[in-house]
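Student: Take this structure, written in structure tokens, and hold onto it; I'll ask about it next.
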Amino acid sequence: VPQVATIRRVVADAEETYTYWVEIDDPEARRLFAFQPGQISLIGVFGVGEIPISISSDPSEPLMFAHTVRVCGRVTNALKALKEGDQITIRAPFGRPWPVPHARGGDLLVIAGGLGMAPVRPAIYTALRSRGSFRRIIVLVGARNPEQILFRDEMERWKSPERADIELHLTVDVPDADWPHDVGLVTHLFPK
């Protein structure tokens, strides 16, 4: 059953890519809502339609959750026109979760390119919360250019020397003059 949700925050993550932080309006439905890494929502824009979008936030904080959307069609263009305080509908969660528990006791390798970082981010949060369950957590992220790296501030925090619980490697196809990381497709990072 669709639930009405209010957009609480909109973050521009890359060109034509936005993260919408939403909160389900009904207090009881909000309290009962839960999702696992890899699950999706059907997001509806009133009078326009509905689209499936991965949930891109931390499953341990489901009261306000996020969807990262690239504008590329009728519904996403309508979504782009919305702002904080506007309402949408949410039907969720759907889909089979990522099998993060199966990696316990071993290394966890997450590979994402471009917008693909959005659906795997909840798995990374879940793994970091259970850090002692994994030998290594390795994340390889690629994008066309530095402006297309999603969650850039978070990536820089994960890459910092103070953060020893995750190994993050970034690469872009076309760097700018300030790009300090690797250059090439995400597969270029495999030998590391």
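The values are calculated or read from the model by the stated rules, or taken from the named source; none is laboratory data. Remember, it's a predicted structure, so these values are computed and weren't measured experimentally. Cβ atoms come from the backbone with ideal geometry, glycine included; neighbour counts cover every protein chain shown. The accessibility values were calculated without ligands, DNA or RNA, using every heavy atom of the protein model including side chains. Shrake-Rupley method; radii C 1.70, N 1.55, O 1.52, S 1.80 Å.
Student: 7 Å from Cα along Cα→Cβ at both GLU23 and HIS102: what's the point-to-point distance in nm?
Tutor: My value for the distance between the label points is 3.7 nm.
Student: For region 93-192, just the Cα set please: Rg and Dmax, both in angstrom.
Tutor: 13.7, 42
Student: Write down the percent of antiparallel bridges among all DSSP beta bridges whose residues are both part of the chain, to the nearest 5.
Tutor: Working: 29 of 43 bridges.
For the chain, the DSSP antiparallel bridge percentage is about 65.
Student: What does the charge count near ALA118 come to, summing +1 for each Lys or Arg and -1 for each Asp or Glu among other residues with Cβ under 11 Å from its Cβ? Let's see the in-between values first.
Tutor: Working: positive: ARG70, ARG121; negative: ASP13.
With Lys, Arg at +1 and Asp, Glu at -1, the neighbours total +1.
Student: In square angstrom, what is the accessible area per residue of the chain with a 1.4 angstrom probe? Before the final figure, lay out each step's value.
Tutor: Numbers: 9670 Å² over 192 residues.
Each residue of the chain exposes 50 Å² on average to a 1.4 Å probe.
Student: Let me ask something else about it. Seen from all sides and averaged, what is the projected area of the convex hull of the Cα atoms in region 136-186, in nm²?
Tutor: Working: hull surface 13.7 nm².
Orientation-averaged projected area of the Cα hull: 3.4 nm².
Student: Right, here's the next one. For region 45-149, what number results from the quotient of the Cα radius of gyration and 2.2 N^0.38 Å?
Tutor: Details: Rg = 15.9 Å, N = 105, 2.2 N^0.38 = 12.9 Å.
Cα-based Rg divided by the globular estimate yields 1.23.
Student: Over the chain, what is the relative contact order in whole percent, taking alpha-carbon pairs under 8 Å and six or more residues apart? Spell out each step's value before the answer.
Tutor: Values: 404 pairs, mean separation 38.8, N = 192.
Relative contact order of the chain: 20 percent.
Student: Measure nothing but the geometry: give the 0 to 90° angle between the long axis through the Cα atoms of 117-129 and the longest principal axis through the Cα atoms of the chain, rounded to 10°.
Tutor: 70
Student: Students often get this wrong, so try it: which of [x] 1.51; [y] 1.06; [z] 1.24 is Cα Rg over 2.2 N^0.38 Å as calculated from the structure shown?
Tutor: [y]
Student: Hand me the trypsin sites (Lys or Arg not before Pro) from region 80-167 located in a DSSP loop with no more than 15 other Cβ atoms within 10 Å, in residue order please.
Tutor: Those satisfying the criteria are LYS83, ARG104, ARG135, ARG136, ARG144, ARG163.
Student: Continuing with the same structure: Given the options PRO161, PRO59, PRO175, which has the most mean-square fluctuation in a GNM of the chain, springs set between C-alpha atoms less than 10 angstrom apart?
Tutor: Highest fluctuation among the options: PRO161.
Student: Something else now. Work out, step by step, the length gained on full extension between HIS181 and ARG74: first 0.36 nm times the residue separation, then minus their alpha carbon distance; give nm to one decimal.
Tutor: On the way: separation 107, 0.36 × 107 = 38.52 nm, distance 3.56 nm.
Fully extending the segment from HIS181 to ARG74 adds 35.0 nm.
Student: Semi-axes, largest first, in whole Å: what does sqrt of 5 times each Cα gyration tensor eigenvalue give for region 1-56? Show your work: numbers first, answer last.
Tutor: Values: eigenvalues 74, 40, 32 Å².
Over the Cα atoms of region 1-56, the semi-axes work out to 19, 14, 13 Å.
Student: State the percentage of accessible surface on region 11-50 attributable to carbon and sulfur atoms; use a 1.4 Å probe and exclude ligands, DNA and RNA. Don't jump to the answer; show the numbers that get you there.
Tutor: Details: 1000 of 1880 Å².
Solvent-exposed carbon and sulfur of region 11-50 make up 53 percent of the total.
Student: From the phi angles alone, apply the Karplus equation (6.51, -1.76, 1.60; θ = phi - 60°) to region 24-32 and give each ³J(HN,Hα) in whole Hz, x where the residue is Gly or Pro.
Tutor: Each residue of region 24-32 in turn: 5, 5, 5, x, 6, 5, 5, 5, 8 Hz.
Student: Please state the charge dipole magnitude for region 43-176, taken about the Cα centre, from unit charges on C-beta atoms (+1 on K and R, -1 on D and E), reported in debye and rounded to the nearest 20. Please list the in-between numbers first.
Tutor: Values: 17 positive and 15 negative charges, 80 e Å.
Using Cβ point charges on Lys, Arg, Asp and Glu, region 43-176 gives about 380 debye.
Student: Which residue, chosen from LEU82, PRO119, VAL100, occupies the Cα position most advanced towards the positive end of the dipole of the chain, where the dipole is computed from +1 (Lys, Arg) and -1 (Asp, Glu) charges on Cβ about the Cα centre?
Tutor: VAL100
Student: Between GLU154 and ARG31, what length comes free when the chain is fully extended (0.36 nm per residue of separation minus the Cα-Cα distance, one decimal in nm)?
Tutor: Numbers: separation 123, 0.36 × 123 = 44.28 nm, distance 2.71 nm.
In short, 41.6 nm is gained.
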